[in-house]
Amino acid sequence: MIELKSLSCSYSNESILKNVNLSVESHLSILGANGSGKSTLARAICSLIEYDGEILADGINIKNLSYQERAKTVVYIPAKLEIYDSFITVQDFVLLGRFAYKKSFFEYSSEDRKIADANIKLLGLEHLKNHTLVSLSSGEQQLSLIAAALCQESKIIIFDEPTANLDPRNSLVIAKYIKKLKDTHQIILITHDLHLASFIGSPIAFIKDKNAHFYEDDFFDDEVLRELYGVEFCSLAVKYE
């Protein structure tokens, strides 16, 4: 469970989110216009940026957790993989997801490697494990990101625009993985894709006017969408099935 209490975020003295109060008992999809603060909210939950107010995970203030404890609580998956080592292989990259469990100055344990290999297999990347990340397609890189995140064994997984750079086929693959992960993790999804949000089927937090407006099951209504987005909608159909 995540609770946001009087959460406010700013960049260069410009207010992005102001006095957000939200209680998320289970899964959540975050939607909103470009620049509304969706990714800012996600990064705040992960303590990747500074913020005012409180963020509680199962009643514990995120700021009071050590880096290792925080990593075991929540993991953030960006929209696109930024590769800083052009020689790193899929296997080595996924293994980095075990860093929070690694003892300082020691090699990764056999258990760490076993968990990494299991998640590589789970995401269907076995045939690519010795390939470099830069040689992979966008869809394969996104699957590698998910495999590394699963290795972290965090309770909460935040996906930031997971299908933004993917073709329809890979978008479907990722969508199905995300939906399946709802059985084992708390999933927070940030997206512009209304079809994806509808397919995932979580309550909605719509970011507008620097705040979060919560919708349990009445978001996908033509009139509600028109009011929020300022354009006409006509019977949104789910195409991910």
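Nothing in this text is a laboratory measurement; each read-out follows from the coordinates by a stated rule. Keep in mind it's a predicted model, so treat the numbers as computed, not measured. No Cβ is skipped: glycine too gets one built from the backbone with ideal geometry, and neighbour counts run over all protein chains shown.
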For segment 117-184 and segment 42-77, what is the separation of their Cα centres, given in Å? 22
Loop-resident sites, segment 17-121, for trypsin sites (Lys or Arg not before Pro), counting at most 14 other Cβ within 10 Å (DSSP): K80, K103
Can you pull out the chymotrypsin sites (Phe, Trp or Tyr not before Pro) in segment 1-93 whose DSSP state is coil and whose Cβ has at most 13 other Cβ atoms within 10 Å? Y84, F87
Reference-scaled alpha-carbon Rg (2.2 N^0.38 Å with N residues) for the chain: 1.03
Kirkwood Rh, angstrom, segment 73-181 [1 / mean 1/r, Cα pairs]: 14.1
Near the amide H of L31, under 5 Å away, which other amide H atoms are found, from residues 5 or more places off or on another chain, if H is placed in the peptide plane? A205, F206, I207
If you rank E3, E227 by fewest surrounding Cβ atoms within 10 Å, what's the result? E227, E3
Restricting to segment 2-229, what percent of DSSP beta bridges are antiparallel, rounded to 5? 55
Treat the count of other C-beta atoms within 10 Å as a stand-in for reagent exposure and order T184, T73, T89 from fewest to most. T184, T89, T73
log10 I(q)/I(0), Debye, Cα-only segment 1-113, no solvent, q = 0.10 Å⁻¹? -0.39
Order of T132, T40 under a 10 Å beta carbon neighbour criterion, fewest first: T132, T40
Computed ³J(HN,Hα) along segment 7-13: with the Karplus parameters 6.51/-1.76/1.60, θ = phi - 60°, integer Hz and x for glycine or proline, the list is 6, 9, 9, 9, 10, 6, 6
Where labels lie 7 Å past Cα in the beta-carbon direction, separation of D209 and I83 in nm: 4.5
What are the DSSP H helices in the chain that stretch 15 Å or more along their long axis, judged by alpha-carbon atoms, and whose average Kyte-Doolittle hydropathy comes to at least 0.5? 138-151
For segment 153-234, take the convex hull of the Cα atoms, compute a quarter of its surface area, and give me that in nm², please. 6.4
Could you order peptides 27-36, 161-170 by the average number of other Cβ atoms within 10 Å of their residues, highest first? 27-36, 161-170
Computed P(r) (all Cα pairs; segment 24-63; 5 Å bins; percent): 6, 20, 27, 26, 17, 4, 1
